[in-house]
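A.B. asks: The following block contains the structure, expressed as structure tokens.
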Amino acid sequence: MTDLRTHAAEIAEQFSDHLDVSVDEVEERLDNLVNEYKVPVEEARRSVTNSYLDEAGLERDAIAGGAGGSQLVELADIAEDEQWVDLKVKVVDLWDPGHESIAQVGLVGDESGTMKFVAFQTSELETLEEGKVYSLQNVVTDEYEGNFSVKLNRTTTISELDEEIEVGDDNATVEGALVDIQSGSGLIKRCPEEDCTRVLQNGRCSEHGNVEGEFDLRIKGVLDDGTEVHEVIFNQEMTEELTGVTLDEAKQQAMDALDTTVVADEMRTMVLGRYYRVTGPTFGRYVLADEFEELSGPADAEAVLIKARSM
Ligand SMILES: [Zn+2]
């Protein structure tokens with residue numbers, strides 16, 4: 001979400017009990033003031049809020065203020081996009097923000113599991129420290145391809161708590177024969193736009209249109225243990241380890257062939273039919289490989305054989 005959209009979503013949420021106001025409509029009004037008339041965002045926000053207060057015949061204190069309007073939830077219960085929630089979490093991991101607009105990015109966790117969080121520079125928030133427990137009020141959920149994250153924003157209230165959280169383990173371990181490598185594997189290009197990273201289709205991002213993509217390696221695979229199939233994703237590091245092909249080598253292969261699909265084809269010949277045990281966090285229906293080992297054969301050879309004969 002853009003910054004304006006974040007504001008718009010908050011305003012629409014504040015009036016959700018009183019008026020039929022869509023986020024789009026609020027965003028359009030904010031956008032008009034900010035971009036057309038160069039009104040500072042905070043002032044535009046006040047102005048738009050006041051006009052809705054008038055329209056609803058309400059006093060300012062009748063609507064839910066920034067914080068306090070959202071509910072305390074556990075991470076595992078987050079299942080909807082653009083929800084305003086409160087969290088009690090421990091900062092498990094902090095990553096390199098990778099973009100100047102991002103202040104912090106990492107992983108927070110509670111008893112129910114872990115989730116990615118992002119805080120933007122423009123929100124000017126207090127810096128979170130790894131290993132500490134915080135109450136985060138008024139964060140907004142974000143969904144992409146079934147994966148949820150939370151975004152801190154300028155209305156987010158951060159309070160450090162003097163307590164310990166036993167962070168739940170949402171890792172899964174699956175094993176089986178790698179029976180398929182799905183499209184979107186091998187040498188792929190990702191959208192370079194801030195906080196996007198969507199995989200491009202024919203040079204296009206579904207959100208940002210035609211962009212100059214950034215190369216990445218990935219394998220989306222299917223493990224079959226004879227009774228069940230599991231979808232797994234190997235990121236660049238794991239794909240390099242799995243195939244022995246580095247990103248640079250993959251780029252070279254693609255350049256030599258004038259075709260990026262040769263990379264996935266080559267990888268197929270190397271790993272299809274082999275047995276793996278993969279462990280990592282689950283995102284939607286995928287297990288994101290954090291570690292893997294190659295097995296000498298099926299854990300349950302009999303079941304695989306029976307299945308193979310029936311196909
Ligand atoms: Zn994009």
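A.B. asks: Do the conditions hold for residue 157, that is, is it surrounded by fewer than 18 Cβ atoms within 10 Å (Cβ to Cβ) and assigned by TED's automatic domain parsing to the domain that holds residue 135? If you could, list the steps in order and put the result at the bottom.
C.D. replies: Working: surrounded by fewer than 18 Cβ atoms within 10 Å (Cβ to Cβ): yes; assigned by TED's automatic domain parsing to the domain that holds residue 135: yes.
Spelling it out, residue 157 is indeed surrounded by fewer than 18 Cβ atoms within 10 Å (Cβ to Cβ) and assigned by TED's automatic domain parsing to the domain that holds residue 135.
A.B. asks: Go through (1) surrounded by 15 or more Cβ atoms within 10 Å (Cβ to Cβ); (2) at pLDDT 90 or above one by one and return the number of the condition residue 269 breaks.
C.D. replies: Evaluating residue 269 over (1) surrounded by 15 or more Cβ atoms within 10 Å (Cβ to Cβ); (2) at pLDDT 90 or above leaves (1) as the failure.
A.B. asks: I want to confirm something. Restricting to the range 1-25 and keeping residues that are touching a helix residue (DSSP H, G or I) at 6+ places or on another chain (Cβ under 7 Å) and without any contact (Cβ under 8 Å) to a residue 24 or more places away in the chain, which single residue is farthest from residue 141 (Cα to Cα)?
C.D. replies: Once the filter is applied, the top-ranked residue is 22.
A.B. asks: Still on this structure, I have one more. Enumerate the pairs (first residue in the range 70-86 and loosely packed, with under 15 Cβ neighbours inside 10 Å; second residue anywhere and in a loop (DSSP other than H, G, I, E, B)) with beta-carbon separation below 9 Å, excluding pairs fewer than 6 apart on the same chain, so at least 6 apart or on different chains.
C.D. replies: Matching pairs, first to second residue: 71/83; 77/112.
A.B. asks: Only one of 218, 277, 190, 204 is among the charged types (D, E, K, R), in contact with an Asp or Glu (Cβ under 6 Å, 6 or more places away or on another chain) and either within 16 Å of the ligand (Cβ to nearest atom) or within 30 Å of residue 101 (Cβ to Cβ) (or both); which? Break it down into steps so the answer makes sense when it comes.
C.D. replies: Numbers: 218 fails: in contact with an Asp or Glu (Cβ under 6 Å, 6 or more places away or on another chain); 277 fails: either within 16 Å of the ligand (Cβ to nearest atom) or within 30 Å of residue 101 (Cβ to Cβ) (or both); 204 fails: in contact with an Asp or Glu (Cβ under 6 Å, 6 or more places away or on another chain).
None of the others qualify; the one that does is 190.
A.B. asks: Sort out which residues of the range 194-219 are open to solvent by 30 Å² or more (accessible area, probe 1.4 Å) and out of contact with any strand residue (DSSP E or B) (no Cβ under 7 Å at 6 or more places or on another chain), and write them in order of number.
C.D. replies: Result: 194, 201, 202, 206, 207, 208, 212.
A.B. asks: Looking at residue 154, is it modelled with pLDDT under 90 and basic (Lys, Arg)?
C.D. replies: Numbers: modelled with pLDDT under 90: yes; basic (Lys, Arg): yes.
Criteria met by residue 154.
A.B. asks: Out of all the residues in the range 139-152, is one or more open to solvent by 30 Å² or more (accessible area, probe 1.4 Å), more than 19 Å from the chain's Cα centre (by Cα) and outside the structural domain of residue 193 (by TED's automatic domain parsing)?
C.D. replies: No: zero hits.
The values are calculated or read from the model by the stated rules, or taken from the named source; none is laboratory data. Fair warning: this is a prediction, and the values are worked out from it, not measured in the lab. Please note: Cβ atoms are built from the backbone with ideal geometry, for glycine as well, and neighbour counts cover all protein chains shown. For the accessible areas, the whole protein counts, side chains as well, though only heavy atoms, and no ligand, DNA or RNA atoms are used. Shrake-Rupley method; radii C 1.70, N 1.55, O 1.52, S 1.80 Å.
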